[in-house]
Amino acid sequence: MTTDATGAALILAAGRGTRMKSAMAKVLHPLLGRPMVRFPIDAARDAGLAPFVVVHHQEEQVRAALADQPDVTFARQEQTRGTGDAVRSALGVLPEDGVVVVLNGDGPLLTAATLRRLLDAHGDHLVTLLTVEMAEPGRYGRIVREGGQPVRIVEAAEATKEQLAITEVNAGIYAFDLAWLRTVLPALAPHPPKGEIYLTDTLELAAAAGRAQAIVVDDPDEVEGANDRWQLSRLRRVLQQRVIADIARSGVTFESPETTLVEAGVQIHRDAWIAPGVVLRGSTTIGEGARIGAHCVITDSFVGAGVTVKPHSVLEGATVDASQTTTVGPFARLRPAAVVRDGAKVGNFVEVKKSEIQAGAKVSHLTYIGDATVGEGANVGAGTITCNYDGYNKHRTEIGAGAFVGSNAALVAPVTIGEGAIVGAGSTITQDVPADALALGRVRQTNLSGRAEKLREQLAALKKQR
Amino acid sequence: MTTDATGAALILAAGRGTRMKSAMAKVLHPLLGRPMVRFPIDAARDAGLAPFVVVHHQEEQVRAALADQPDVTFARQEQTRGTGDAVRSALGVLPEDGVVVVLNGDGPLLTAATLRRLLDAHGDHLVTLLTVEMAEPGRYGRIVREGGQPVRIVEAAEATKEQLAITEVNAGIYAFDLAWLRTVLPALAPHPPKGEIYLTDTLELAAAAGRAQAIVVDDPDEVEGANDRWQLSRLRRVLQQRVIADIARSGVTFESPETTLVEAGVQIHRDAWIAPGVVLRGSTTIGEGARIGAHCVITDSFVGAGVTVKPHSVLEGATVDASQTTTVGPFARLRPAAVVRDGAKVGNFVEVKKSEIQAGAKVSHLTYIGDATVGEGANVGAGTITCNYDGYNKHRTEIGAGAFVGSNAALVAPVTIGEGAIVGAGSTITQDVPADALALGRVRQTNLSGRAEKLREQLAALKKQR
Amino acid sequence: MTTDATGAALILAAGRGTRMKSAMAKVLHPLLGRPMVRFPIDAARDAGLAPFVVVHHQEEQVRAALADQPDVTFARQEQTRGTGDAVRSALGVLPEDGVVVVLNGDGPLLTAATLRRLLDAHGDHLVTLLTVEMAEPGRYGRIVREGGQPVRIVEAAEATKEQLAITEVNAGIYAFDLAWLRTVLPALAPHPPKGEIYLTDTLELAAAAGRAQAIVVDDPDEVEGANDRWQLSRLRRVLQQRVIADIARSGVTFESPETTLVEAGVQIHRDAWIAPGVVLRGSTTIGEGARIGAHCVITDSFVGAGVTVKPHSVLEGATVDASQTTTVGPFARLRPAAVVRDGAKVGNFVEVKKSEIQAGAKVSHLTYIGDATVGEGANVGAGTITCNYDGYNKHRTEIGAGAFVGSNAALVAPVTIGEGAIVGAGSTITQDVPADALALGRVRQTNLSGRAEKLREQLAALKKQR
């Protein structure tokens, strides 16, 4: 529990979410790279509330998904018997008094600003409801007000025709006086047939004391929940637009925000330029003025200021140092621990794994660099392979500064190509090459005159037979 | 004609669709992988109606595009002289009596549910119109009602100011009493100047008998037609959203449905996860819990449960068996008859054609596998090529279980690498390798001391001369 | 200045655009491949107005960005002291009299049609304002009309409650009688505290003469400006939709216009088919009936009629001749001066640079072709590399008609493979190959019986030690 919290937030995350039709509990479904339940927790914390989470279904997985949130306190609901029961399950871990805000673990769009507004309004009320105006309120519970004060929430099924016409409905988010809640919760009667305890039954008690109120949320999106995957898609779109709009306003150009995915942990600096179809995930950072080409997929990587990543590149766990001249791609794949230094080039159909491409080095085409160092200013020709794996062990390749590796070479690791050395095209290199030496591992060519013609005749004849 | 049909549907597909500006007849333009005309046919069939199609323009192509729909009966319209003439052309093949619903071949959004509503409402009326409410009815024909019954359709050009204010317009979809229609159609007068016969002229006759009605469609989208390619795009978007929403609600996560293309014949199972930019075409199946990375393009392929396809992979006619450990991509290309078995890996810049990658085998980088079998647990090194084509014939490569093919090897087919055999990196293999043998086809390396330095001087001098 | 201009347009492009948070002046931010300021210039020119541009911030860069627009006349504003001052700065270069329309350099959505409407309405008025109706006019200046004539623009901050209710606001676009403007501009009083001169102050003077008017723009989008990058994204989307809708209506199919980027200079011909995620930039032309697969990125290239470009291909400065049988991709990269002739094939993971692939030639997989000619009907096997670079110089490779280059060959340039010659798989070719000769540059294979088994034991032991 954070020490500067001004109250508690109780996030209800015990349900299964049957309509999600998933083996995964609803609140764990990811949104922008985070489990859905993280969003109300983050909003609560940003609003100065200490987060408490009620768990039941897939309890262990929910706890594990929040293991990186040390300020979260968990409470176990033994059976899922209604929202009142869920809150009751948490009374043992919640503070004695003060304010508690009850939130839904499947409502990721609620903002800290709205929570602060709710808290500011709450004052010394016993219950403050958050409500929403809906033109077509459908099956939602209607807020019945008397003399301005909300006195009752009527379920649509039990509403009179007059009540059905009410357009203010319950958003399922409440601030409570916790000391008072402790006195009334145990007394609530279970509802048949399932014996559920309704948190909303507290409203009438608070209203009787003249200390209930309801405030209407400004943006109805904020209280929308994810009931199925299609609705989840919609929530994701709203969240994504919020994230991208914020970054755009900070000075980043998105050519096509509608086709761009930016997870919540990504940082993008001023004057970066993001082409259509880009996917940025995890803890990725994009530096000032960097250009990310169409359809790149970048995860947990650092792309420094000024770097150009050309279309269709895939980076994961990679580092590309800041540079005005470094280019990566198109069709480059940088795997974990790939490091590209100032002015280096990683070109098309090139895979780099656990290797450093030092300043000014070029690996331009159709190459695999694994467990290697490519020295400053070295040039690795097209089709070169570092043979780093023998079926049992991985070995390192060291290519010295200024070395030139001819095309289609196979470098059988462990092996060192000395500084300034040259490897002839088509060579298989199995021993170290000294600095400034020329290494060849290929046969002199033979031309057999006229043989191609004969060969063609034979092959054509064979084709005929088939 | 289906035997359990409760009536007939006549789909008008004779027109050219001039505003499409296409060499292809309008009704053949594809939507979600099917010719547009398939959608009204499918809706009719789903509503229990036997499908009849009136053809004229590109008759042969329309018949060919529907060759896989054996229950469709065709009627040829000799000249395109109006909707009345189109229906008249089909009287010879339609049932004697019962109900016939007339539909437009360029109206792909109409649902079977709406057709059923039309049929239910029709009862013993002579004509039941489907109409649509439009805030701005523009050039559409207005429905003139008298005493609630529709009595006339007035074209906008001929409408009085009062009639122009009518917002209920003709959707061009009708249910008719077929026996009655046979009696009135021949008597309809052609309209100058083109001598067209208007189907809408039947309305007044039915109204005079007090047996005409009109019902308003709930969703105006359903009766929108594709008049040009921009409108076609809009219809496609609506159709696509319907298809994806249905699949999402069945328990599939789409990270970005707006950027995802899913053709009508695709099946996706529960808990599959579809990243942005994915394109799924043809008869593709995605298994339970499979993960499809960003921008993959998958056509007519089977991706089994649990499989991970990484970003930027292209699969066509491929099979990837169900497995929790199989990964394909990124940048993998699986071509027709590529088969990937349990726990195998096909990595980046790898092409597989007409080949089986058996359980646990790895083909990780920059490789072409064509007409081959890669045995269980075998490892094919980076840059390996199966040389399956000699310019005339294709030959097979067999790589035995547990074999290890070193990087940059060329396997000249037909050739067999025995079980447990090892091929040295950089080797060209032209003969079979026995089981457990080590095959080498490369030269011992020579290092020429100091030669790189001299070579550089020569090359630099040459550069200067240029 | 164009000789047939019926007046002048003065585009205000002097500001910095602080809220863009960019090192680049606001009007230079690109939209569909052009600096934003180009759009009002083009609209003005299309409406028959000679374009004048007021510059100050990043003057040199703005002039440079418009260097290809020879009819633009520049005027320098010494200090940015309001719109009146900006116009005053240009009086020296503007015509003596006639009409001048004042436009905003950051308003890219204004159409020539609206400008023509403004000009037609202007007649012999002294000032004609363009205004916009806004349901929520917020901070915009309200148009106060008296007897129908606009007499004053009241800033929101200074408006009475009654005036705040006015929904017609100033769009910041004006037509002026230039001769009259010359007489009144010098007399306008600067506004404290910054001493700015407001162009809007002219309205009262014109109204006093009974010669002011205001016309309301039909589509409010047209007068929206780009104040920050998020708004810029919105303008781009509107512009992009206009461009794509026009092309679609001309007979082109876009499977997913929402995910497609088409810059303003791109031409696409009838019956072309554009899959999702395609990015078309620069001066690209797509020929009649060509098919562009998903996620292709094509810049400054010519794709001829009938050609198929498969998914995930990247073309830049390339030419693909018209052909019903040519295919490029998937995963092909054509770089500048790559030329692909009729019926040729460039397959997956193939890079072509400054080379011609002649009619019917095939380069199907994992190949780099640089500085080369691949002759008619030649076949280049998988994994082939033209070794065109020696670290200092680039050299050419010539492959004759009908030649067959076996897989994994390295062709060390400069080198010529004669017509009909065959190069054995895995060969490194360092000398010319005569026509119809068979060239081999590889070692005979050795099989070492049982050695693989022993090797595995050693490698496994080594692994254990580690």
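The values are calculated or read from the model by the stated rules, or taken from the named source; none is laboratory data. As the structure is a computational prediction, the values presented were derived from the model and not from experiment. As a convention, Cβ positions derive from the backbone with ideal geometry for all residues, glycine included, and neighbour counts pool all protein chains shown. With ligands, DNA and RNA removed, areas are computed over all heavy atoms of the protein, side chains included. Shrake-Rupley method; radii C 1.70, N 1.55, O 1.52, S 1.80 Å.
What is the percent carbon and sulfur in the accessible area of the range A:108-237, measuring with a 1.4 Å probe over the protein chains and ignoring ligands?
The computed percentage sits at 51.
In terms of the Cα gyration tensor, with a ≥ b ≥ c the square roots of its eigenvalues, is the range C:103-229 rounded because a/c is under 1.5, prolate because a/b exceeds b/c, or oblate?
Judged from the Cα gyration tensor, the range C:103-229 comes out rounded (a/c under 1.5).
Pull up all non-local amide H partners of C:Phe302: gap of 5 or more, or a different chain, and H-to-H distance under 5 Å with H placed in the peptide plane.
HN-HN under 5 Å from C:Phe302: C:Thr285, C:Ala318, C:Thr319, C:Val320.
In whole Å, how far is the Cα centre of the range B:258-300 from that of the range A:366-380?
For the range B:258-300 versus the range A:366-380, the Cα centre distance is 36 Å.
Determine the shielding of peptide B:368-376 by partner chains: average, over its residues, the number of Cβ atoms on other chains within 10 angstrom of each Cβ.
2
Which ³J(HN,Hα) values in Hz, rounded to whole numbers, follow from the phi angles of the range B:452-466 under the Karplus curve 6.51 cos²θ - 1.76 cosθ + 1.60, where θ = phi - 60° and Gly and Pro get x?
Running phi through 6.51 cos²θ - 1.76 cosθ + 1.60 with θ = phi - 60° gives 4, 4, 5, 4, 4, 4, 4, 5, 5, 5, 4, 4, 4, 4, 4 Hz.
For B:Gly406, what charge total do you get from the other residues with a beta carbon under 14 Å from its beta carbon, if Lys and Arg give +1 and Asp and Glu give -1?
With Lys, Arg at +1 and Asp, Glu at -1, the neighbours total +3.
Counting only protein chains, not ligands or nucleic acids, how are A:His365, A:His125 ordered by accessible area (probe 1.4 Å), most first?
If we order A:His365, A:His125 from most to least accessible, we get A:His125, A:His365.
Please report the accessible area of A:Arg152 (heavy atoms, 1.4 Å probe, ligands and nucleic acids excluded) in Å², nearest 10.
The accessible area comes out at roughly 80 Å².
Can you give the three extents of the C-alpha atoms in the range A:328-395 along their principal axes, from longest to shortest, in whole Å?
35, 20, 20
So what does C:Leu455 come to for accessible area, using a 1.4 Å probe and Å² rounded to 10?
That residue has around 50 Å² of solvent-accessible surface.
Given the protein assembly as shown, what percent of its DSSP beta bridges are antiparallel, to the nearest 5?
Roughly 20 percent of the DSSP beta bridges within the protein assembly as shown come out antiparallel.
Compute the accessible area of each residue in the range A:398-416 twice, once for its chain alone and once with every protein chain present, using a 1.4 Å probe on heavy atoms, and list those whose area falls by at least 20 Å².
With the partner chains in place, the range A:398-416 has these residues losing at least 20 Å²: A:Phe404, A:Ser407, A:Asn408, A:Ala410.
Which distances in nm, rounded to one decimal and ordered from shortest, link the label point of B:Glu453 to the equivalent label points in the other identical copies, with labels set 7 Å from Cα toward Cβ?
Ordered by distance, the counterparts are at 5.0, 5.0 nm.
What accessible surface, in Å², does a 1.4 Å probe find on C:Thr367, ignoring ligands, DNA and RNA and rounding to the nearest 10?
About 0 Å², rounded to the nearest 10.
Kindly give the distances from A:Gln61 to its copy-mates, label point to label point, with each label point 7 Å from Cα along Cα→Cβ, as nm values to one decimal ordered shortest first.
Nearest to farthest, the other copies are at 5.0, 5.0 nm.
Report the net charge of residues surrounding A:Arg291, where surrounding means a beta-carbon distance below 12 angstrom and charges are Lys +1, Arg +1, Asp -1, Glu -1.
Neighbour charge sum, excluding A:Arg291 itself: -2.
So for A:Glu457, B:Glu351, what's the accessible-area order with a 1.4 Å probe, most first?
Of A:Glu457, B:Glu351, the descending order of accessible area is A:Glu457, B:Glu351.
So what is the relative contact order for chain C, in percent, with contacts set as C-alpha pairs under 8 Å and at least six apart?
8 percent
Collect residues whose amide H, placed 1.01 Å from N in the peptide plane, falls under 5 Å from the amide H of A:Val216; neighbours closer than 5 in sequence don't count.
A:Thr131
Could you sort the residues of the range B:308-325 by number and keep only those whose accessible area is reduced by 20 Å² or more in the all-protein-chain setting relative to the chain alone, 1.4 Å probe?
The answer is B:Pro311, B:His312, B:Val314 - residues whose exposure falls by at least 20 Å² when every protein chain is included.
Calculate the length of the line joining the C-alpha centroid of the range A:445-462 to that of the range B:6-41, in whole Å.
54 Å
Nearest 100 Å², what total accessible surface is buried between chain B and chain A (probe 1.4 Å)?
Summing both chains' loss of accessible area gives about 4900 Å².
Quick check for me: using +1 on Lys/Arg Cβ and -1 on Asp/Glu Cβ, what's the dipole size of the range B:299-408 about its Cα centre, in debye to the nearest 20?
Charge dipole, the range B:299-408, about its Cα centre: 180 debye, nearest 20.
Sorted by accessible area (1.4 Å probe), largest first, how do B:Asp42, A:Asp124 line up?
Highest to lowest solvent-accessible surface, that is A:Asp124, B:Asp42.
Using amide H atoms built 1.01 Å from N in the peptide plane, name the residues 5+ places from A:Asp432, or on other chains, whose amide H lies under 5 Å from its own.
Excluding prolines and chain starts, which carry no amide H, the hits are A:Thr416.
Using DSSP to call loops (not H, G, I, E or B), can you name the trypsin sites (Lys or Arg not before Pro) in the range B:235-288 whose Cβ has at most 11 other Cβ atoms within 10 angstrom?
none
Keeping all protein chains in place, calculate the accessible area per residue for the range A:1-137 (probe 1.4 angstrom), answer in Å².
Dividing the accessible area of the range A:1-137 by its residue count gives 39 Å².
With the other protein chains left in place, how much accessible area per residue, in square angstrom, belongs to the range B:177-269 at a 1.4 angstrom probe?
Heavy-atom SASA per residue in the range B:177-269 reads 40 Å².
So for chain B, if I pair up every lysine 8 or more residues apart or on another chain, how many of those pairs have alpha-carbons under 13 Å apart?
The number of close lysine pairs in chain B is 4.
Quick one: net charge around C:Gly420, please, counting Lys, Arg +1 and Asp, Glu -1 for every other residue with C-beta under 10 Å from its C-beta.
Around C:Gly420, the surrounding residues sum to -2.
For the range A:68-76, take each phi angle, set θ = phi - 60°, evaluate the Karplus expression 6.51 cos²θ - 1.76 cosθ + 1.60, and give the result in whole Hz per residue in order, putting x for glycine and proline.
Values, residue by residue: 8, 10, x, 8, 7, 9, 9, 10, 9 Hz.
Would you kindly work out, in nm and rounded to one decimal, the distances from the label point of C:Gly282 to those of the same position in each other copy, ordered shortest first, with label points 7 Å along Cα-to-Cβ?
3.3, 3.3
If you take the square roots of the eigenvalues of the alpha-carbon gyration tensor of the protein assembly as shown and sort them as a ≥ b ≥ c, do you get rounded (a/c under 1.5), prolate (a/b over b/c) or oblate?
Here the protein assembly as shown falls in the rounded category.
Is chain B rounded, prolate or oblate when judged by the Cα gyration tensor, a ≥ b ≥ c being the square roots of its eigenvalues, rounded requiring a/c under 1.5 and prolate requiring a/b larger than b/c?
prolate
I need the phi-derived Karplus couplings for the range A:105-116: 6.51 cos²θ - 1.76 cosθ + 1.60, θ = phi - 60°, integer Hz, Gly and Pro marked x.
Couplings: x, 9, x, x, 9, 4, 9, 4, 4, 5, 4, 5 Hz.
Carbon-plus-sulfur fraction of the accessible area of the range C:300-455, 1.4 Å probe, in percent?
Carbon and sulfur together cover 49 percent of it.
Which one of B:Cys296, A:Ala65, A:Val328 is farthest out on the positive end of the charge dipole of the protein assembly as shown, using unit charges on Cβ (Lys, Arg +1; Asp, Glu -1) and the Cα centre as origin?
A:Val328
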